[in-house]
1. Add +1 for every Lys or Arg and -1 for every Asp or Glu among the other residues with Cβ under 10 Å from the Cβ of Glu55, and state the total.
2. Within 10 Å of each residue's Cβ, count the other Cβ atoms and sort Leu38, Leu262 from fewest upward.
3. Determine the gain in length on full extension of the stretch His32-Ile126; use 0.36 nm per residue of separation and subtract their C-alpha separation, reporting nm with one decimal.
4. If you take the beta carbon distance between Ala88 and Ile270 as r and set R0 to 41 Å, what does 1/(1 + (r/R0)^6) give as a FRET efficiency, to the nearest 0.05?
5. Across the Cα atoms of the range 224-361, what radius of gyration and what greatest pairwise Cα-Cα distance (Dmax) are found, in Å?
6. If you rank Thr255, Thr314 by fewest surrounding Cβ atoms within 10 Å, what's the result?
7. So what is the relative contact order of the range 222-358, in percent, for Cα pairs below 8 Å that sit 6 or more residues apart?
8. Going through the cross-link list Lys34/Lys319; Lys13/Lys70; Lys34/Lys68; Lys13/Lys73; Lys13/Lys68; Lys34/Lys62, which pairs have a Cα-Cα distance over 18 Å in this structure?
Amino acid sequence: MDKSINWRRELRKAIEDGFDDEELQTLCFDLHIKYESLSGDNFSGKVRELIEFFERNKQLSKLIVYCKQKLTKVPWEDIEAAARDVDAGKVQGFAIDESPRPAQKLFTQQTIIIAGVVAVVAIIAIVAMFFASRSNRPEVSSQIATKVPERVVVASLETAVPTAETSEEPAPTATKIPPTPTRKPSPEPTPVPTVQPTNTPAVEPTAEPTDEPVVEPSVTAEPTVLYPDGARLELAYDANSFYLYNPSTTRIRVTPLTFEALDAAGRPLIFGLAGDRWTQFYSFIDGSACNGIEPFGVEGPYLRPQYCRSYNATITPTKNGDELFWIEREGVVEFRVLWNGEEVARCPLGTNTCELFVPAP
């Protein structure tokens, strides 16, 4: 543990002593890191966040190679060795031993043997049941073979009795004839009731529910008039990024804002974001400025509207995380915006724009 703490301390001291704030911003630019996304409150805090970022992504060697080119007087051997251990997936300088222990090996061997015995017993039981069923089939088939010809002969005699022989033995069999013709017409009326009820309900329920979900989202624009005389905010977003724009000349506090994804019944889902995620940098959004959400690791460029003259805060959550509430997903149909718990707007998903009104500052 001391070794792990030492290399972090030495790397932090090397960066703090060798770079100033502007040079640290240049480092972030060269290594494709947003300086604004570092959550530290001061220079030292941002240096710590920078080291933790590269450690989480197992790219410490990349950071050290850059610093080594700029700071040649720092002894980098121990720091590089510790960084390689971290990037290689070792814990505090020691590789994780994943080799199976003797007890585990014995357990797996015994498990394999028991499973093999159970499988053999099951196969023998299945084979025995198969032959037992095969041995019983001839009797059943013989019974069926003996009974079917009798019924066929009786039926043929019954149909022939009325025309040729009326005084012989087939006469008692004629009593069996009436049930059969009386039962035959029964299938004829059955298709009539089965066809009619299946047609009428099948059309009505399918037409009504398909129309209702299409109409409901278009009607849910009522919350946007809660503060018709308030300040207007605009939203612009696509599959890769999301932006909150203040077109006015006065700054607006973003802490009361909350964004929630909704299902088809209008119920909030787990996908959402609170406005105070931006306030760790700045509590307001200035006039003609934007706040952004640019997920880390997405494919393709960010939207970055041209009217965003400056950015008060930009956060970089994980790709496909729970904070991406505007993305098209299974079960999500739209998202809503709340101001101090009151709904003030509902907006569509995908690449789109939306506006809302909040109390004037």
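Since every read-out is calculated from the coordinates, none of them should be taken as a lab result. All figures in this text were calculated on a predicted structure; none of them were measured in a lab. Every residue, glycine among them, receives a Cβ derived from its backbone with ideal geometry; neighbour counts consider all protein chains shown.
1. Working: positive: Arg8, Arg56, Lys58; negative: Glu52, Asp87.
The answer is +1.
2. Going from sparsest to densest Cβ surroundings: Leu38, Leu262.
3. Result: 27.4 nm gained on full extension.
4. Values: r = 35 Å, r/R0 = 0.85.
My answer for the efficiency is 0.75.
5. According to the Cα coordinates of the range 224-361, Rg and Dmax are 13.9, 40 Å.
6. With the fewest neighbours first, Thr255, Thr314 line up as Thr255, Thr314.
7. Over the range 222-358, the number comes to 35 percent.
8. Lys34/Lys68, as the Cα separations exceed 18 Å there.
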